[in-house]
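As structure tokens, the structure follows; a few thoughts come after it.
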Ligand code: MCA
Ligand code: AMP
């Protein structure tokens, strides 16, 4: 674990983490609004104090991991604030995960306590680990479990001293080129420095009302949406899930000023506006629309501007590096680009030998700065491999800089990373799951370009001898649905005689897409 990276933010002087600075806002100011029911800063301050005390009674200590498997809800925000103020570590789990994916996060993080929605996959997993993980249930607790209500209804405790700048605040699990997801350790100081920079750049503050439909288990929604609100104030209007009509209503009748989305959300919003052009008027009233997590097609950028008069502000980031490159708030927001380094963040493009590229040439994006991850949880070797000797983080994304300094992302070094609808997915993880099916001899999973999802997952597979090839795609679909989160399921299975290999027999992954060329859509 790399700890103690330099941070622009000084911690330890106040009574709490700078991530929670907005708890000092007027107590009646609404911080989060869940479809009309507001959680004020004052109420959040008090309830998180009680929850922190409850967690401490259950044996949670600073540095312990507290997992969350539940919906976007007031309870999530209350728990997060409690965990941060007591110096424990928040571990959000993707609620689309199935058992094995969830179990991996619980086991890998060594979660001491987990708050889980009643009857969820997370609940089943913690029940199986009752001796290791204390289960707190959103809903009706079972034997030996506690209800979240009980946690919230205890006495308030005095604040613990503010966590150190290099104390880990969150472990966010993200996919890599290898099969299993890795816990990205993000510190109080690192998050605060990076969020402070991006909030300042985009002029986000107490007068804003953010329409927040992003899932709250990833850095985009949890970091910028939730922690941004907890740092700077303003109100986040939180949706359970993305729905274009909800977004329109947030701007039309609930005073939303800002929307942050992934490109798939913009594609859906544009479908909605094409069908109901009058709704664009509500969005035109907004102040800022941002996009990130995947490339926003220039055609979406232009269509959104045509409908609403707004140039979407596209930026680039990564769980490990935070918000890294951004188009300007003032000045040209150039479609198809991700702009310039965020203040405080250093970005360089390098060749295969980590040598800086000459101007205009294409190379890997490497990042340095106070907002970088402290390390991959429990994976010292992977952490070391992710950095150059002089502290640059290797993103694996490939870009060039144009004559005006705007960065253009052109691809990724690894074909084994897929980005679909803003979720990062490991092709290897899907291949590993597929190969557990007894009918399969080989599998190659790739992402094909898709106008709505960015990339669409497909699999080319070779069956074992004697299998019913016609029945195979359906059987594999069912197999994946049991093993993997829904968004990881290949949308097409192509049964082939053999996969493309070179003379030495090595799979030529970059040629797998050719197998799908010219096929009629399914
Ligand atoms: C849902 N489906 C998907 C995805 N999401 N398929 C592929 N990729 C996806 N991302 C499928 C489901 O399996 C289902 O298929 C069908 O779509 C409808 O499911 P539903 O739940 O209704 O989908 P939805 O609610 O409309 O979800 C689409 C979404 C969601 C809103 C775009 O994927 C989403 O919230 N994405 C945001 C992810 C995010 O926040 N990423 C940030 C990572 P079937 O019917 O066949 O079962 S952080 C990051 O990237 C860095 C830090 C950065 O720079 O931001
Ligand atoms: P995640 O691990 O979910 O944090 O995803 C980070 C990855 O998303 C980056 O490494 C990029 O590949 C991709 N990404 C994020 N923002 C953009 C963007 N604006 N354009 C293209 N790719 C992006």
Where does the chain land at 222 nm, in deg cm²/dmol rounded to the nearest 500, when only DSSP H runs of n ≥ 4 count, each adding -39500 (n - 2.57), divided by all residues? -8000 deg cm²/dmol
Based on the Cβ-Cβ distance of residue 284 and residue 346, what FRET efficiency does E = 1/(1 + (r/R0)^6) give at R0 = 60 Å, to the nearest 0.05? 0.95
Considering only the chain, percent of DSSP beta bridges that pair antiparallel, nearest 5: 60
Normalised alpha carbon radius of gyration of the range 210-313 [divisor 2.2 N^0.38 Å]: 0.99
Here the range 162-224 gives, from Cα atoms, an Rg and Dmax in Å of 13.8, 43
Could you grab the Rg to Rh ratio for the range 116-274? Cα atoms only, Kirkwood for Rh. 1.01
Quick shape check on the range 483-522: root eigenvalues a ≥ b ≥ c of the Cα gyration tensor, a/c under 1.5 is rounded, otherwise prolate if a/b tops b/c, else oblate, and it reads oblate
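Assuming 0.36 nm per residue, please report the length gained on full extension of the stretch residue 388 to residue 469 beyond their Cα-Cα distance.
Details: separation 81, 0.36 × 81 = 29.16 nm, distance 4.66 nm.
Once the chain is fully extended between residue 388 and residue 469, it gains 24.5 nm.
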Viscosity 1.306 mPa s, temperature 10 °C: Stokes-Einstein D of the chain from its Kirkwood Cα radius, in µm² per second? 66
Theoretical FRET efficiency, 1/(1+(r/R0)^6), r = Cβ-Cβ of residue 15 and residue 46, R0 22 Å, to 0.05: 0.90
Cα-Cα P(r), the range 303-437, percent of pairs per 5 Å interval: 2, 9, 16, 20, 20, 14, 9, 6, 3, 1, 0
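Using alpha carbon coordinates only, what is the Rg to Rh ratio of the range 126-185, with Rh defined as the Kirkwood radius?
With Rh from the inverse mean 1/r over Cα pairs, Rg/Rh is 1.09.
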For a footprinting-style exposure proxy, rank 469, 398, 116 by other Cβ within 10 Å, fewest first. 469, 398, 116
What percent antiparallel are the DSSP beta bridges of the range 288-349, to the nearest 5? 75
In square nanometres, what is one fourth of the surface area of the convex hull spanned by the alpha carbons of the range 397-469? 6.2
Of all DSSP beta bridges having both residues in the range 253-399, the percent classed as antiparallel (nearest 5) is 75
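Report the full-extension gain for the segment residue 398 to residue 24: residue separation times 0.36 nm, less the Cα-Cα distance, to one decimal in nm.
Length gained between residue 398 and residue 24: 130.5 nm.
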Taking the alpha-carbon centre of each part, the distance from the range 299-342 to the range 112-166 in Å is 39
Once the piece of chain linking residue 450 and residue 37 is laid out straight, how much longer is it, given 0.36 nm per residue of separation minus the C-alpha distance between them? 144.9 nm
Label-point gap, in nm, between residue 252 and residue 96 - each point 7 angstrom along Cα→Cβ: 2.8
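Computed from the coordinates by the stated procedures, all read-outs in this text should not be read as laboratory data. Because the structure is predicted, anything quoted here is derived from the model rather than measured. Don't worry about glycine lacking a Cβ; one is built from the backbone with ideal geometry, like all the others, and counts go over all protein chains shown.
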